[in-house]
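Down below is the structure, laid out as structure tokens.
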Amino acid sequence: MRFLFSLTLLLCSLTACTQKISQRDGQYELVWLDDFNGREIDTASWSKIARVPYPWGRHMSANSSLYRVKSGYLRLYARRNNKLEPADTAKYITGGISSQGKRHINFGKVEVRARIKGAQGTWPAIWLLVNQPCSTEDLRYSEIDIIEYLNRDDFVYQTVHSSYTLHRNRNTKHSTTAKIHFEKWNTYAVEVRPNEVILSVNGIETFRYPRREGEEGQFPFGIESYLMIDMQVGGDWVKTVDPKTFPAYIDVDWVKMYRLKQ
């Protein structure tokens, strides 16, 4: 009886979350859709991510073997650099795209339908970053990791970052994990609202981060941000990189960006 009661509560909870998400649909207006039905990346909306000296970006490359638009989706690879870029000393190279300077969101919603084939040591991500140069200690800094996926897990990490969560109050709840359909299509979403950030997977709400009044820098979200989708390799988080498990990739079926209606 106790098991049935707990199961009933769980089902009711999941249903309530689904209803809340669907009930908010009318509050958003679609402003951009990319369904990758062409043969090339739409350069009016995306740029390839350049290499940067941060753990997530130290293997980025514009090599054409890392990017494929075919059959209605985009594929971004992580590959061993077996003479793909002979002048590049990196052992691995990865593909990634950014909407910086082209497509942005303030208050609104972003949805991405994606499928991931991971490898031991890979770390793909779908994330929003504030559209202004500032350090993580700046009160304006905001980053929303719609997903980060490690190795070949059957779940993703979803996190909101700011100077508040990174440096001033690390104990505040700002992250969760969510089960996914392993190596199958999943829809990942974030809603950035004036008083909260809401994350979801496959239409099921997974986490809310609320605004709290009177705490400086606690809620910098809603500042103009751009979207990045990229493959990443290595780092302390994923531990060992196993070259025998490569290549790995993330497929993107579509991206939708909405604004919050006034």
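The values are calculated or read from the model by the stated rules, or taken from the named source; none is laboratory data. Keep in mind that this is a model prediction, so the values were computed, not measured. When we count neighbours, we look across all protein chains shown, and the Cβ atoms used for this are built from the backbone with ideal geometry, even at glycine.
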*Of all residues in the range 174-206, how many are out of contact with any Phe, Trp or Tyr (no Cβ under 7 Å at 6 or more places or on another chain) and either free of Cβ contacts under 8 Å to residues at least 12 places away in the same chain or not in a loop (DSSP other than H, G, I, E, B) (or both)?*
11
*Check off (1) surrounded by 16 or more Cβ atoms within 10 Å (Cβ to Cβ); (2) part of a loop (DSSP other than H, G, I, E, B); (3) of a type in the set (A, V, I, L, M, F, W, C) for TRP237 and give me the number that stays unchecked.*
(1)
*Kindly list the number of the only condition in (1) exposed (fewer than 15 other Cβ atoms within 10 Å of the Cβ); (2) free of Cβ contacts under 8 Å to residues at least 40 places away in the same chain; (3) assigned to a loop (DSSP other than H, G, I, E, B) that fails for LEU139.*
(2)
*Out of TYR209, TYR249, sole residue that is part of a strand (DSSP E or B) and closer than 24 Å to LYS91 by Cβ*: TYR249
*Tell me which residues, restricted to the range 118-144, are farther than 23 Å from VAL238 by Cα, within 18 Å of the chain's Cα centre (by Cα) and either modelled with pLDDT under 95 or of a type outside the set (A, V, I, L, M, F, W, C) (or both).*
ASN131, TYR141, SER142
*So is GLU191 of a type in the set (Asp, Glu), within 15 Å of ASP145 (Cβ to Cβ) and modelled with pLDDT of 95 or more or not?*
yes
_Residue, nearest to the chain's Cα centre (by Cα), within the range 91-116, restricted to residues that are exposed (fewer than 15 other Cβ atoms within 10 Å of the Cβ) and not basic (Lys, Arg)_ = ASN106
*asked:* Against the definition (more than 27 Å from ASN37 (Cα to Cα) and either in a strand (DSSP E or B) or at pLDDT below 95 (or both)), how does GLN262 come out, yes or no?
replied: yes
*Working only within the range 127-136, note down all residues that are within 17 Å of SER175 (Cβ to Cβ) and surrounded by 19 or more Cβ atoms within 10 Å (Cβ to Cβ).*
TRP127, LEU128
*Please indicate, with yes or no, whether at least one residue in the range 212-229 is in contact with a Phe, Trp or Tyr (Cβ under 7 Å, 6 or more places away or on another chain) and under 28 Å from ALA62 (Cβ atoms).*
yes
